[in-house]
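Report on one structure; see the data block that follows.
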Amino acid sequence: MLSIAWRTLRRQPGVLLGAFLMIAIGSSLINAFAVIQHSATHAEAPVERYSAVPVVAGGAPGLFTPDAVKRVRSLPAVHEVVPELTFIAIVLDGQGQPVLSPARIAQFGHASASARLTPFALREGRWPIGHDEVVLDRELAEAAGVSLGRQVPVLVAGASRTYRLAGIAEPGASRGRLPYQRALFFTDERAVELAGRGAGRVDALGIFVDAGSDPAAVTAEVRSSLNRTIQGDAPGPAGLPTLRVAAGADRGELEGSLPNDRATGQTMSMLTAIVALMAITVISGALITSIRRRARQLALLRAIGSTPRQIRSLCHTEALILTLVGGVAGGVLGLGVAELLVIVLRSREIFNPAFRVIYSVQPTVLALLVTVLAGQAAAWLTARAALRIRPAEALTDSTAVAERTGRSTFKIVAGVLALAGAGTVQVLGMAGLMPPALRGVYGVLASGLVMIGIGFVGSWVVYGLTYVSRAPVTALSSVSGYLAAANVRFQHRRYAGVVAPLAVGVAIAGWALSSLPLYTLSTTEEAVERISADYILRTPLLRDAYIGLGEEARQAVSGIPGVTATAGLWNAWAQATPVRAGSGKGIQDIAATYATVTTGAAGHLLDLQVQRGELSAEGVAVGAAYARQRGISLGDRVEVRITGASAPVVLPVTAVFGRDKGGQEGLVLPSGALSGHVAMPAYNQILVRAGSAAGPRLHGVAGPSGLVKVESTDEFRRQYVAERTADTPNIGVFAVVLVGGFLLLAAVGALVLGAADRAGEFHSFRQINAAPRQITMMVVWEMVLTVVPAWLLGVAATAWMAFLMAGGNIAAAVKAMPVGTLAVFGLIGLTTAVAGCLLASRTAMRSLNRFEMI
């Protein structure tokens, strides 16, 4: 059967090459994204600042209390513990502008005592001894153009102060420069004030072990001991623990100088699943097209006595040959694609500059396995279709696979329902209304439903649009247009394997491009509608953390004439459970909610749609959806856990509010109630109630650095949309659009190569006196009647998803539609298909015996 399958494939090289091309591209995409996902999951940040200490404990800012430090110092094999504070400190020039872009390279302030953990050694001057002194690393001092004794402006938590340069530090010659961060060292007392953690808390612990001790064993002991100091912790849903203790190469993750690519690995996991689904569509389409084009051959085998089992075996063997060869070629190609993608993603700052591809056999084997399994599933489906041809029909050339009306109706209805379900899943996911178990994978579900829906209705859309366009096409080209319309209508199911990848490529790319602005608009409106302030002070998000605004900045704003109320806000993951008999079981298994922690007059500056009670400095406000999920009522006492808390806090529920995003932002907590239990980080935002006359003074507090922004609500809305669009890790959008382009080219390539096997068909047309030009125009019209309906189906699916994601707002949906990109997709697909098929058909016609034509 293997030799028969191979000889059968060789007789139609165009179909063979087309199927091979689509399978290789599909397999390469699976392999490329699986390799990148594997690399992101196993990524290791370079060890720079902590290179001088064997074990480091870190996590949330201010995680470690003095008691935690004592616990670690008392452990056996621990020789010394050096506490460290790390906070964003940005050196400014004489005009108040950053000397180095904080978005490009991290700048951290530290206490001078923690310099022992780093490779830095003092090269000039001395360590700081006064509150107004600082030590810079050499590269930072050179960028600022300052020398010893000169004044250096430094911005910390929104406040700028000037320090005298007391010394210059530099890594040892054996270590070399630190490419991803710059360092500033203050006196220990000044660092405590600037970091503002409170209650003696520190950010990290550098742990020196006794000689001969195993750092890995010490790491486990330290982790166990420190876990007992954060009994009130509520870990977030990202899968990263609040407390991390690392040794060896893992220490680099705790430095915070680069974005965490392991978190990006979780996004890549979902993206890899979407890409795999799309690639399976390509692979299945290739095999369906290949076997359906040879339906007459299979029927003839039935006519000469082949059993159904032999036909199925032949189809499965052909699929195995194609998927193994194409899968291996795609696996090799995928490694190169992965390298190119990483280069592009690094250049777009989606991955950090240190990200590298980590090769492994596992992703390549997985890609090959998925390719082979998809091929076998497609072979089973097409073999069933081929077996429906009666042997007698093969002898009369009547080999179109008929489909019962009931089956056709079922496919159309199922396809429409799948597309409707995709939109519903996407809307629920964006609104935060999906069940917790599905919140991380709703994109995969929506993508899968889009592909299923298009797969069901694709060929029938081609049939319907060809039927509608038959008259105008015939009017434009009476012979060629008529023949093309008849061909496409009669053989519409033969084209299904090509139409589906075309439409899926357009639909998924369009969906990804339209979902980003719509999601950004949705989150912006949700953020703005919770605010009733006149002004908002905020800082940008850098490397997964805000630069932040300190309490000093809030107090300075409060002292401005005309300012009547201020509130500082910061966010953390939290959980709440009612304190009553039988309640709270399994609370640690419940997904956390995003809590807002407030300082100041939050009740006057937040519009939460309070339904019952009122915001209070003595209790917690709970979102209505979150309250329903947890069984919490107004007046209950609840146990609150929050990221990094040393112990849970029991508070009364003083308000229930409506704007909690389906329970995803379900708690508002007063900072005073958490005092002593958790560190107080810098504010993400400061809300201000003031008249317009206070505006210039607010801008004066913000300074000229551009890192502290003062905005009205309308300005905040406009800027927030732009920044969220720019800052959103759009790896998914970029990758899905890229994959959509691959699908488009793969499907067009299959159309082109399939045309090369039509010499016999063209010969028949020549025998009935069809001119070469008429045959050529027929091929052109066939491409138009195949590619355009597939493109329109993809555009329609995109419009449907955009309409639902926009909440029925037609204007927003139209604005979000990537019309230009989709038009380019369609134009490239149609142009490539027409040009390629013209070349292939002319080559096929030249191979005919001219004397036989006469």
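The values are calculated or read from the model by the stated rules, or taken from the named source; none is laboratory data. Since the model is a prediction, treat every value here as computed from it, not as a measurement. Methodologically, a virtual Cβ is constructed for each residue, glycine included, from the backbone with ideal geometry; neighbour enumeration extends over all protein chains shown. For the accessible areas, the whole protein counts, side chains as well, though only heavy atoms, and no ligand, DNA or RNA atoms are used. Shrake-Rupley method; radii C 1.70, N 1.55, O 1.52, S 1.80 Å.
As a fraction of the 1.4 Å probe accessible area of region 609-685, surface on carbon and sulfur atoms comes out at 44 percent. Solvent exposure of region 134-210, expressed per residue, is 36 Å² of accessible area, with all protein chains present and a 1.4 angstrom probe.
Summarised as an ellipsoid, region 188-243 has semi-axes of 24, 20, 10 Å, derived from the eigenvalues of the Cα gyration tensor scaled by 5 and square-rooted, with the largest first. FRET efficiency for the pair THR424 and SER532, taken as 1/(1 + (r/R0)^6) with r the Cβ-Cβ distance and R0 = 51 Å, rounds to 0.95. Separation of region 652-719 from region 99-139 is 31 Å, based on Cα centroids. Cross-link partners of LYS709 among aspartates and glutamates, defined as those whose alpha carbon lies under 15 angstrom from its own and excluding same-chain residues fewer than eight positions apart: ASP534, GLU723. Using the Cβ-Cβ distance between TRP380 and SER478 with R0 set to 56 Å, the FRET efficiency works out to roughly 0.85. Ignoring aspartates and glutamates fewer than eight residues from LYS661 along the same chain, the ones with Cα atoms less than 14 angstrom from its Cα are GLU525, GLU526, GLU529, ASP607. Summarising the strand pairing of region 107-180, around 70 percent of its internal DSSP beta bridges are antiparallel. For region 295-387, with all protein chains in place and a probe radius of 1.4 Å, 67% of the accessible heavy-atom surface sits on carbon or sulfur. With each label modelled as a point 7 angstrom along the Cα→C-beta vector, the SER764-GLU80 pair spans 8.9 nm. For the pair ARG104 and TYR359, a Förster radius of 25 Å applied to the C-beta separation gives a FRET efficiency near 0.30, rounded to the nearest 0.05.
For region 350-377 versus region 763-823, the inter-centroid distance based on Cα atoms is 32 Å.
Label-to-label distance for ARG637 and ALA545 is 3.6 nm, based on points extended 7 Å past Cα in the beta-carbon direction. Inter-label distance, ASP250 to ASP188: 2.9 nm, where each label sits 7 Å from its Cα along the C-beta direction.
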